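The values are calculated or read from the model by the stated rules, or taken from the named source; none is laboratory data. Only a predicted model underlies this, so the values are computations on that prediction, with no experimental measurement involved. Every residue, glycine among them, receives a Cβ derived from its backbone with ideal geometry; neighbour counts consider all protein chains shown.
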Amino acid sequence: MMRSAYLLYKRGSGGKGGRIYYAAFWNEDRQDYIRRSTGMTSRAAADAVARKWLDEGLSIQDSQNFLIYMEGFWSDGSDYLRGRELRKKPLSTTYIKNSRSAISRYMRAYLEETGQMQIPLHKVTAGLLEKLMLWLESRGLGSARINGIMKAVRVPLSRAARAGKIRDNPASRVERIPDPAPRRQILELSEAKAFFAQEWTDPRYYACNLIAATTGLRLGEIRGLQAEDIREDYLHVCHNWQDTEPEGRKMKGPKHSTLVVIKSRDVPIPPRLSEVLKEMIANNPWRSGFVIWGNTRGKPPSTTVIEKHFKAALRGIGISEEERRRRNLTFHAWRHWYNTNIRPYVPEYQLRMLTGHRDESMTDRYTTITQEQQRQAVAKIAEGLLTTPDQ
């Protein structure tokens, strides 16, 4: 039997003593009716409204509240987050937290201030989102933060369009704000040599910096490094410790990996670093797997403490806090330092394999970087970077 394009009915608990007519439109994708109030107490008038909606194509649109939809999208256990887990593409806790903040802290405030708290999902326009960006800018937010907030809005709207809740994604017509990355300087070779030649009160932080400078590992990868990852002449990089993850999930795979298929890589160990790593493992009071062990069993040192020692060492070679800020020197600068100094000596694809800056096609094409001869060549280069002529 053919289904009617729409049904009209009175809602018993509706306004005006239950006299308002509602229209119910069948949605094939949802296999359910989408119900909307016509606002009319006359059946004829309600019928005219429903026909108008049908002619305009509004019958397929969801009258769900925009803000409620956005908040639900990023909530724990939402269909979207569960779907990411199912497909082995889970989002980080930090990413989800920032997305929730974008909606609850900024989107909600904007809608409340502009009197649009009740706006339905299908009435959100590119113009509304453009005004949101201007509102965010007027609150003193920078380009990176504004783009992040807009991404937290764009993704749910994209999913709504794919699900047939709205005709298209209005955010796709909103141009991103240019966000040039801040220029990051690196230490000169003479500065780096002086940096490591200092007296270190705690060998763990000397080791942290030396690993970063001679292997290009990320801080999370250094903190997650396990004794079992230390091979004869290379590091098998397959762990990444993240404090922002919940208990039981702080140890992850390297960046860009999933929880199941870990995209590990092997990085040569310069001889100087090899001795330091052996000492760290031998002196671990907890006898746990962490190469850089923390003051608590089963945890590495915090990023805050590692950065603190990094800044102190910079002051030790005459780089003031003011200069450090001007040059944008953070612990992560060692990764840039490694890339910059190794690049002239190895092919681009090898450098990408070493640092983990790669895509799938590059990974498939070049798989010989871990061969012993290549590892030894890069280790020799990295060793020489911090060696003075008289050593």
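Give the residues of the range 68-123 that are of a type in the set (D, E, K, R) and closer than 22 Å to Pro246 by Cα, sorted by residue number.
If the condition is that a residue be of a type in the set (D, E, K, R) and closer than 22 Å to Pro246 by Cα, then Glu71, Asp76, Asp79, Arg82, Arg84, Glu85, Arg87, Lys88, Lys89, Lys97, Arg100 are the ones that fit.
For the criterion of being touching a residue at least 40 places away in the same chain (Cβ under 8 Å) and surrounded by fewer than 19 Cβ atoms within 10 Å (Cβ to Cβ), Ala194 passes.
May I ask you to list the residues in the range 147-171 that are among the charged types (D, E, K, R) and in a loop (DSSP other than H, G, I, E, B)?
Result: Lys165, Arg167, Asp168.
If you take the residues in the range 152-176 that are among the small types (Gly, Ala, Ser) and free of Cβ contacts under 8 Å to residues at least 60 places away in the same chain, which one is surrounded by the most Cβ atoms within 10 Å (Cβ to Cβ)? Here the answer is Ala171. Of all residues in the range 310-349, those that are surrounded by 12 or more Cβ atoms within 10 Å (Cβ to Cβ), farther than 17 Å from Ile211 by Cα and small (Gly, Ala, Ser) total 2. Any residue at all in the range 325-335 that is of a type in the set (Gly, Ala, Ser), modelled with pLDDT of 65 or more, more than 23 Å from Arg231 (Cβ to Cβ) and assigned to a helix (DSSP H, G or I)? Among the residues of the range 325-335, at least one is of a type in the set (Gly, Ala, Ser), modelled with pLDDT of 65 or more, more than 23 Å from Arg231 (Cβ to Cβ) and assigned to a helix (DSSP H, G or I), which makes the answer yes.
Tell me, which residue of the range 284-315 that is touching a helix residue (DSSP H, G or I) at 6+ places or on another chain (Cβ under 8 Å) and small (Gly, Ala, Ser) is modelled with the lowest pLDDT? By that ranking, first place goes to Gly289. Of everything in the range 205-232 that is of a type in the set (D, E, K, R) and under 24 Å from the mean Cα position of the chain (by Cα), the residue that is surrounded by the fewest Cβ atoms within 10 Å (Cβ to Cβ) is Arg218. For residues in the range 256-283 being in a loop (DSSP other than H, G, I, E, B) and of a type in the set (Ser, Thr, Tyr), which is modelled with the lowest pLDDT? The extreme case among them is Thr258.
As a summary of the residue check, Val124 satisfies the conditions (1) closer than 30 Å to Asn284 by Cβ; (2) in contact with a Pro (Cβ under 6 Å, 6 or more places away or on another chain) except for the one numbered (1).
With respect to being within 21 Å of Thr94 (Cα to Cα), outside the structural domain of Arg326 (by TED's automatic domain parsing), modelled with pLDDT under 90 and not in a helix (DSSP H, G or I), Asp179 fits the description.
For the range 117-159, the set of residues classified as under 18 Å from Gln64 (Cβ atoms) and of a type in the set (D, E, K, R) consists of Lys123, Arg154, Arg159, listed by residue number. Does any residue of the range 53-61 turn out to be within 28 Å of Arg159 (Cβ to Cβ), modelled with pLDDT of 75 or more and in contact with a Phe, Trp or Tyr (Cβ under 7 Å, 6 or more places away or on another chain)? Yes, because at least one residue in the range 53-61 is within 28 Å of Arg159 (Cβ to Cβ), modelled with pLDDT of 75 or more and in contact with a Phe, Trp or Tyr (Cβ under 7 Å, 6 or more places away or on another chain). Here Ile292 meets each of (1) among the β-branched types (Val, Ile, Thr); (2) in a helix (DSSP H, G or I); (3) under 19 Å from Cys238 (Cα atoms) with one exception, condition (2).
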